[in-house]
1. Simple spin-label model, 7 Å along Cα-to-Cβ: Leu356 to Phe165 in nm?
2. If you take every residue apart from Ala124 with its C-beta less than 15 Å away from the C-beta of Ala124, what net charge results, scoring Lys and Arg +1 and Asp and Glu -1?
3. Tell me, what ³J(HN,Hα) does each residue in the range 195-202 have, in order and in whole Hz, if you take phi through Karplus 6.51 cos²θ - 1.76 cosθ + 1.60 with θ = phi - 60° and put x for Gly and Pro?
4. Convert each backbone phi in the range 93-108 into a coupling constant with the Karplus relation 6.51 cos²θ - 1.76 cosθ + 1.60 (shift: θ = phi - 60°), then list the ³J(HN,Hα) values in order as whole Hz, x for Gly and Pro.
5. Taking a point 7 angstrom from the Cα of Cys478 along the C-beta vector, which residues in the range 79-109 have backbone N less than 13 Å away?
6. At 20 °C and 1.002 mPa s, what whole-number value in µm²/s does Stokes-Einstein give for the translational diffusion of the range 108-258, with Rh from the Kirkwood sum over Cα pairs?
7. For the range 375-383, take each phi angle, set θ = phi - 60°, evaluate the Karplus expression 6.51 cos²θ - 1.76 cosθ + 1.60, and give the result in whole Hz per residue in order, putting x for glycine and proline.
8. Would you mind counting up the charge near Tyr62? Only other residues with Cβ under 12 Å from its Cβ, with Lys and Arg at +1 and Asp and Glu at -1.
Amino acid sequence: MTIHENTTQHPNSVHPQLTNVDRDLLQAHQPGYGSRNAVEVAFNLVNSTVGAGIIGLPFAMYLSGFYSGLALSIFVSVVSQFGLYMLVVAGQRVGIYKFAVLVEYLLGRPGYHFLNIMVLVQAAGACLSYIILIGDTLPVLLALYFPQVPKLSDRSTVLIFVSLFLIFPLNLSRSIGALARWSIVSVLCLPIILLTLLIRAPVYSPSHTAELLLVGPDIFASVAIMAFGFACSQVAFNNFLALKQQTSRMWAYAVIISALISYIMSMSFAIIGYLSFGKDVQPNLFLNFPADDAVINVGRLALGISMILTVPMAFYPAREALQKTLGFETPERQPNSYQHYGTTIVISIAITVLGLYVRSVGKVYALIGGVSATTLAYILPAASYLVTRSIRGQIHDESKDPLLLHSGQSYNSIGEGSHGNNNGNDNSSSTSNDSNSNSSSSSSSSSSRRQNANNDMIPPVPIEEEPVVIDLHDGSPCWYLDLAAGLLIIWGLIVMFFSTKGVFTQP
């Protein structure tokens, strides 16, 4: 087996025999099996970012003050994207492509459980906020246009139907890459939402006053809402593994495209909403409009569709965090079918039930943003980047990471960010000789350990003699990223303290 620098030959072309189910499982947990280009992954990131948080951004502009809100929104967006990039770079340096496993590697088992709890709170809270917005949106439309069917105006009935028949099927896949095309549909709903607001909000603005203040009444609560609105680090590795070309440059392209689209969409919504309603703006902007406004109802429908398609983007990391907490997923095994579908059903029921009884998204935004979003988007990615700054290409040995590709070798030993055995000709020759001499024995042992997805292990991959071509990331420290990482940690702690303090001191 030979290794070449700076390009990537996709394993799907090396292993065309893989079924879609097998590739879905491999793509969810191993590098090298992605099937999406940078634009598709960028739309996945946009769909993860521009969710329920966008509805609260006009309220965040009121809390921060208009001019401070503009400046803070740019800052929060930029640092959130830095966090996404740093997280993947840290994973490349140590050959780990799971957020929880990376934190365990850096902080030990307590760090692993802490991360899973944070991801579960963030992702499940996001799902809950989406469900609340669906409950605020669709029943209003159905009651107006189908008054002859009273059940359609009942919030509980609508939420149960939507959760069971529309959202639940999207939650069944193992890999988030399966949602890429649905994400495009969701993102395409956003211009419709913005257009309806642009048309109708000025009609209502004369009866409201929007002061262009420098500083508003609660700037840190505003930052927490923005952090919730721009954060999606919990799906960073999932989306990176979905990339067909898993290089740092391609990941940067996806992050930049996602950041630009997310910011334009989100802040257009925020500015229009705040300028139209000023200090009277609601945490859910659509509550400021009457129920019988036909144009706004088109936006409400687009919002409902977008939220339905966005729930799975938060659901996947929530399920993964729960599976790790319960021990269903470990470095040696993946959840079997019963565990996978069981946790899917349990979380779906729990979120739906909470959505039936929780109706306000205001404190959900601030609390989740202040605690989990700042931890996941700022503190942990920056800390991971700094702790791994002196590690260049460290990899797992086979005993620690038995998620193998073929010839008995872990992909991490030949994959991106893992070039510790390719520093010279002697080492390269040794690697090649070892691979050839052990191919028969290692492949048989690999096959004996590999079972299909129903029996907890990843599917077998046919052995091919074609070279695996990869991009090698050297993980070299960069002074401005090191500085940014340090500032990110300090910023995250400040926002966490003041935003949560504000939530608990409110009446």
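1. About 1.7 nm, to one decimal.
2. Values: positive: Arg319, Lys324; negative: Glu320.
Once all neighbours under 15 Å are counted, the net charge is +1.
3. 5, 5, 5, 5, 6, 9, 4, x
4. Working through the residues one at a time gives 4, 10, x, 10, 10, 10, 4, 5, 5, 5, 5, 5, 4, 8, 10, x Hz.
5. 81-90
6. On the way: Rh = 19.5 Å.
It comes out at roughly 110 µm²/s.
7. 5, 7, 8, 10, 5, 5, x, 5, 5
8. Values: positive: Lys279; negative: Glu211, Asp218, Asp280.
Neighbour charge sum, excluding Tyr62 itself: -2.
Where a number appears in this text, it was derived from the coordinates with a stated rule and is not lab data. None of these values were measured; they are calculated from a predicted model. Don't worry about glycine lacking a Cβ; one is built from the backbone with ideal geometry, like all the others, and counts go over all protein chains shown.
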